[in-house]
Amino acid sequence: MLLLPAGAGGQTGSFEPVSDAMLQDPAPGDWLNYRRTLDGWGYSPLDQIDRGNVHELQLVWSWALAPGISEPTPLVYDGVMYLPDGGGSGILALDAVTGELLWEYHKEFEEPPDLILLNPLRRRTRNIAIYGERIYWISYDAHLIALDARTGALVWDRTLVDFRHGYRMTSGPIVVNGLIVSGLAGCDRFQTDKCFISAYDAETGERVWSTPTIALPGQAGDWSWGDVPALERAGGDAWIPGSYDPELGLIYWATAQAKPFTRFQRGTTGDVLFTNSVLALDPESGRMVWYRQLLPGETHDQDEVYENVLVDHDGRKSVFKFGKIGILWEVDRESGAFVAAHDPGYQTLIDVDARGRVTYRPGMIPEPGVRLSWCPSHGGFKNWQAMAYHPETEAFYIPLFLHCSESIYEEGGIEVREGGGGMGRSNSGNMRPHPDSPDALGELLAMDVNGEILWRHRMRTPATTAALTTAGGLVVVGDWDRNVSALDVRSGDLLFRTRLPNGVQGFPITYAVDGRQYLAVPTGQLDAGGRASNPLRMDPELRRPPVNANGIFVFAVPERVGAASLQSPDLPGMVRVIIEVELSCPSCAAGLERRLRRLDYVAGVEVSPPDGQIVIAVEPGRHLDLAAVSDTVRNVGFVPDGVAVTAIGHVTDVNGMPALALSPDYALPLVAADGFTAPAAEAGDRLVRVTGRWIAPQDGAARLQVESLEAR
């Protein structure tokens, strides 16, 4: 159902179709894929919001979303935000600058069969895709829907599988070379048709290929299921979007655990391929080029289905993973060879040797009716809340829920028939904080590509969003207790935090329109899993709002009033400061100008790479913080140490020492040099030009080493 607001007719103006080249190398201001880029980084090259000004973030606009579970990833293209509505009910298009509704499309769902996981209250959509002139949405009932990106009009609706068999989709597709590529969830039932990853023609919606994620009799990997009949081989859901390497021409998609959860409930002792694996697929045919199983024969509901982050490391093309069990895996993405497993030390179930072989610790394999105490729980330390990578630190920023639990797994309760099966009987409880973190259930973990932990940022409640990293040196994350936080990627210092009306949940993104950067943060009715209710059990003093309201909140730093008219430093009443620098990055001039203009006291800036000069106009009466200027210059790529400075102001005596008055409230102390005499220092109201070498000692007291002084 298409709905347009009164007086609106969708987007106006030209619409450039989104190409494969654009998806594989998005414009800096756009967010075109699930994790912005198809390598899964969750990183933005925008740097207007940075360490120095993130504390100034203010709300620009917000929009309420429909009720139901909400875990959305907004897309932004050419000034328009597209995002899933709450409860997986539809798609919205909003003006990304003002928040005005451009169009909305909502689907009418059929009544589901009596299966708990198809309950309408569990519907959600995490991400959508954009390609050509269309938005692609895979709804919870496994329909692939194409909408006109300009108007929201329905182009076509294709049924991928019959949801009455229990199949469902909570995440959306990626687009690879004109194909809409998707996984599938709801694979816990015993069905003749197994879970699969599939691709569809973007123009028609017709299926091009499908690749099963469960090994069947007579096929590769059959041995890993022993004598379990084909009907009873279940699981291998592929419910998180994959990644794509255009250079290698491979799609990387991961799978979840086998069903039922435990070995004794399944009747298996082997690896149960291709569950808990990374699969490398040929995008043209779907052929499995290689697989790497991370947790063979997994038996605690610890899936590794989550994001595949493609990073080149130590001369190798790698794919990195971090799943429920809390281990950072590195796999060679050309060959599928195991490279490394880095364990931060929270899990209590397994050991991994140098060759990637997994062994369960004594007493950790479930037995019928035996109570098992373990860390984490079925929900995992990490779930769909994706980690992000930052190229500056070569580190991953991983949202965690630190906790442990007890489980008793039982026999029976599994009907061996078409449509039977399920997760298996278990009684899990006694959720408790992790002993390594008794006072904090949440953590943002910074771990580099070598497994070194850079820092840990603990939070009272679990992290409930994906992480977002930016070129401004920031990582952004949200938590159960309604906080959205921005931290320094290097140090972990908390630079900004604000509280929203509901739990912060989904995928924060950042984008830019007309030169202004925005931060978009979703809030939502918390996931029906353990991250929703368990914190209340573990910390009785926690409080939640009585109504779970979904929304999207968009922030930006304040715009400088009149900034457009203050570009020239030659303005009446302005103090003019010229800084001569060694230009180690001439191409960075525009970025340096932009950053310097953000300083409160700077009214105008000109950077001249050929002359090696930075000219700054300082507003009258404002303090010129040369240390801040120096840091800004250095961070952009110039070398300001020992720079030459020319400043125009009044020479005065301050406590018997000469100083250059750059404003009525601030004087820069001067260090005498040849030719600098006391009479000159008594110039009083005469405007003088002082040239010298700027000295910034470690105590932070900047001085101007005078070389010449000229009355004007």
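The values are calculated or read from the model by the stated rules, or taken from the named source; none is laboratory data. Remember, it's a predicted structure, so these values are computed and weren't measured experimentally. Methodologically, a virtual Cβ is constructed for each residue, glycine included, from the backbone with ideal geometry; neighbour enumeration extends over all protein chains shown. Keep in mind that these areas ignore ligands, DNA and RNA; they rest on the heavy atoms of the full protein, side chains included. Shrake-Rupley method; radii C 1.70, N 1.55, O 1.52, S 1.80 Å.
The modelled label-to-label distance between A66 and K317, using points 7 Å beyond Cα along the C-beta direction, is 4.1 nm.
Is the range 90-245 rounded, prolate or oblate when judged by the Cα gyration tensor, a ≥ b ≥ c being the square roots of its eigenvalues, rounded requiring a/c under 1.5 and prolate requiring a/b larger than b/c? Prolate, because a/c is 1.5 or more and a/b exceeds b/c.
The calculated FRET efficiency for E410 paired with T98, based on their beta-carbon distance and R0 = 51 Å, is about 0.40.
Ranking R371, R333, R355 from most to least accessible surface, computed with a 1.4 Å probe over the protein chains only, gives R355, R371, R333.
If a spin label sat at a point 7 angstrom from the Cα of D193 along the line to its beta carbon, the backbone N atoms of the range 134-163 nearer than 16 Å would be those of 139-145, 158-163. Of the peptides 63-69, 463-469, 452-458, the ranking by mean beta-carbon count within 10 Å, highest at the top, reads 463-469, 63-69, 452-458. If the segment from I453 to T269 were pulled out straight at 0.36 nm per residue, it would be longer than the present Cα-Cα gap by 62.7 nm.
For the range 92-176, the solvent-accessible area with a 1.4 angstrom probe is 35 square angstrom per residue. Amide H contacts for L495 (H built 1.01 Å from N in the peptide plane; partners 5 or more residues away or on another chain; cut-off under 5 Å): A486, L487, D488. According to a simple spin-label model (label point 7 Å from Cα along Cα-to-Cβ), what is the distance in nm between D222 and D439? Computed distance between label sites D439 and D222 equals 5.9 nm. Here R207 and A21 are evaluated by their C-beta separation; at R0 = 25 Å the FRET efficiency comes out at 0.50. What lysines does K259 reach when the alpha-carbon gap must be under 17 Å and sequence neighbours fewer than 8 apart in one chain are set aside? Those lysines meeting the cut-off are K194, K324. Heads up, I need the accessible area for D436: 1.4 angstrom probe, whole protein in place, Å², nearest 10. Counting only protein heavy atoms, D436 exposes about 90 Å² to solvent. Within the shell of other residues whose beta carbon sits under 15 angstrom from the beta carbon of D332, the net charge comes to 0, with Lys and Arg scored +1 and Asp and Glu -1.
Per-residue SASA remark: M22, around 40 Å² accessible (1.4 Å probe; ligands, DNA and RNA not included).
Note on the range 254-410: with neighbouring protein chains present and a 1.4 Å probe, carbon and sulfur make up 45 percent of its accessible heavy-atom surface.
In plain terms, the chain from D343 to T498 could stretch by 52.6 nm, reckoned as 0.36 nm per residue minus the Cα-Cα distance. Approximating the spin labels as points 7 Å out from Cα along Cα→Cβ, the M364-to-R543 distance works out to 4.1 nm.
Loop-located GluC sites (Glu not before Pro) in the range 292-334 (DSSP state not H, G, I, E or B) with no more than 10 neighbouring Cβ atoms inside 10 Å do not occur.
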